[in-house]
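What follows is a single structure, written as structure tokens, with notes after it.
The values are calculated or read from the model by the stated rules, or taken from the named source; none is laboratory data. Not measured: the values here are computed from a predicted model. All Cβ positions, even for glycine, are placed from backbone atoms using ideal geometry, and neighbour counts span all protein chains on display. All accessible areas refer to the heavy atoms of the entire protein, side chains included, with ligands and DNA or RNA removed. Shrake-Rupley method; radii C 1.70, N 1.55, O 1.52, S 1.80 Å.
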Amino acid sequence: AREMVAEGRKVLILVDYLEAHGKIIRDMLEDINAEFLHAKLSSKKRKNLIHGFRDGLVDCMIATSLADEGLDVPIISGEILAGGKRGKTKLLQRIGRALRPHDDKTDARIIDFIDDGKFVINHSIARIAALKTEPAFQMEAIGVPSDRVEYIKSRVAKAVARRASED
């Protein structure tokens with residue numbers, strides 16, 4: 001988030017949990033102009049935060065699922081998916097926040113994480129496979145442990161083939 005803000009990007013960080021994710025990330029980013037949008041805020045405060053973000057006054061917005069639908073801030077050019085979901089529709093909805101056209105941006109950078117836990121690895125694989133069906137997306141894996149690369153690649157290839165056969 002800091003790197004993207006330093007590049008001049010307006011960044012959205014989507015989290016799943018208020019306490020475990022959002023508040024911790026907000027505290028970690030206290031050195032940049034970051035705000036935390038969540039349902040426990042008054043509607044007036046939420047509205048003000050969204051307007052500040054839309055107008056470019058806020059550099060980084062951390063948000064719970066409250067931002068999954070209806071958040072229209074075309075200036076977003078950086079996004080971090082800090083809470084993984086599995087479904088393609090939800091994923092495309094979420095990354096669509098950064099893909100909206102705006103005069104002040106030429107591209108969007110979206111960061112997702114490969115959760116390599118026993119059950120959540122399936123969610124990560126499903127997200128990667130869904131994105132691989134979009135030819136315009138350029139994807140790059142960074143920081144994947146070398147002993148897991150081939151395993152993840154093979155799982156993604158199988159998931160992509162399965163999706164293709166279902167379509």
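What is the distance, in nm, between label points placed 7 Å from the Cα along the Cα-to-Cβ direction at residue 3 and at residue 20?
So the label points at residue 3 and residue 20 sit 2.6 nm apart.
Would you compute, from DSSP H runs of 4+ residues alone, the mean residue ellipticity of the chain at 222 nm, taking -39500 (n - 2.57) per run and dividing by the full residue count, rounded to the nearest 500? Before the final figure, lay out each step's value.
On the way: 6 runs with 65 residues, N = 167.
The helix contribution divided over the chain gives -11500 deg cm²/dmol.
Chymotrypsin sites (Phe, Trp or Tyr not before Pro), restricted to the range 56-159: which are DSSP loop and have at most 10 other Cβ atoms within 10 Å? Let's see the in-between values first.
On the way: sites: 113, 119, 137, 151; in loops: 113, 119, 137.
Those that pass, being in a loop and sparsely packed, are 119.
List, in the order given, every pair from 10/40; 90/132; 40/88 whose Cα-Cα distance in the structure shown is over 21 Å. Walk me through the numbers before you get to the answer.
Details: 10/40 23 Å; 90/132 15 Å; 40/88 28 Å.
From the list (10/40; 90/132; 40/88), the Cα-Cα distance tops 21 Å for 10/40; 40/88.
Between helix 43-54 and the chain, what is the angle of the helix's C-alpha long axis to the longest principal axis, kept within 0 to 90° and rounded to the nearest 10?
70 degrees
Could you give the size of the charge dipole of the chain about its Cα centre, using +1 on the Cβ of each K and R and -1 on the Cβ of each D and E, expressed in debye and rounded to the nearest 20? Mind dumping the intermediate values first?
On the way: 29 positive and 26 negative charges, 128 e Å.
Approximately 620 debye in magnitude.
Measure off, as a whole percent, the carbon and sulfur share of the 1.4 Å-probe accessible area of the range 1-120, all protein chains present.
Values: 3360 of 6590 Å².
On the range 1-120, the fraction of accessible area on carbon and sulfur atoms equals 51 percent.
Between the DSSP loop rule and a limit of at most 16 other Cβ atoms within 10 Å, which trypsin sites (Lys or Arg not before Pro) in the range 43-141 are left? Numbers along the way, then the final one.
Working: sites: 44, 45, 46, 47, 54, 85, 86, 88, 90, 94, 97, 105, 109, 118, 127, 132; in loops: 85, 86, 105, 118.
Here the trypsin sites (Lys or Arg not before Pro) that fit, given the DSSP loop and packing criteria, are 86, 118.
In square nanometres, what is one fourth of the surface area of the convex hull spanned by the alpha carbons of the range 50-108?
Details: hull surface 16.0 nm².
Quarter of the Cα hull surface area: 4.0 nm².
Could you pull out which residues in the range 25-59 have an amide N less than 13 Å from a spot 7 Å beyond the Cα of residue 93, following the Cα-Cβ vector?
No residue passes the distance filter.
Just in the range 1-91: which GluC sites (Glu not before Pro) are loop by DSSP and have at most 14 other Cβ atoms within 10 Å?
Values: sites: 3, 7, 19, 30, 35, 69, 79; in loops: 7, 30, 69.
Answer in residue order: 7, 30, 69.
Quick one: angle between helix 88-99 and the longest Cα principal axis of the chain, in degrees between 0 and 90, rounded to 10, please.
Long axis of 88-99 versus the principal axis of the chain: about 50 degrees.
Quick one: work out Rg over Rh on the C-alpha atoms of the range 75-143, Rh as Kirkwood radius.
Values: Rg = 12.4 Å, Rh = 12.8 Å.
The Rg/Rh ratio comes out at 0.97.
Using the heavy atoms of the protein chains and a 1.4 angstrom probe, tell me the accessible area per residue for the chain in square angstrom.
Working: 9870 Å² over 167 residues.
Spelled out: the 1.4 Å probe surface of the chain, per residue, equals 59 Å².
For helix 120-132, what angle does its Cα long axis make with the longest principal axis of the chain, in degrees from 0 to 90 and rounded to 10?
The angle comes out at about 90 degrees.
Which translational diffusion coefficient, to the nearest whole µm²/s, is obtained for the range 1-100 from the Stokes-Einstein equation, given a Kirkwood hydrodynamic radius over C-alpha pairs, 4 °C and 1.567 mPa s?
Numbers: Rh = 13.3 Å.
Answer, rounded: 97 µm²/s.
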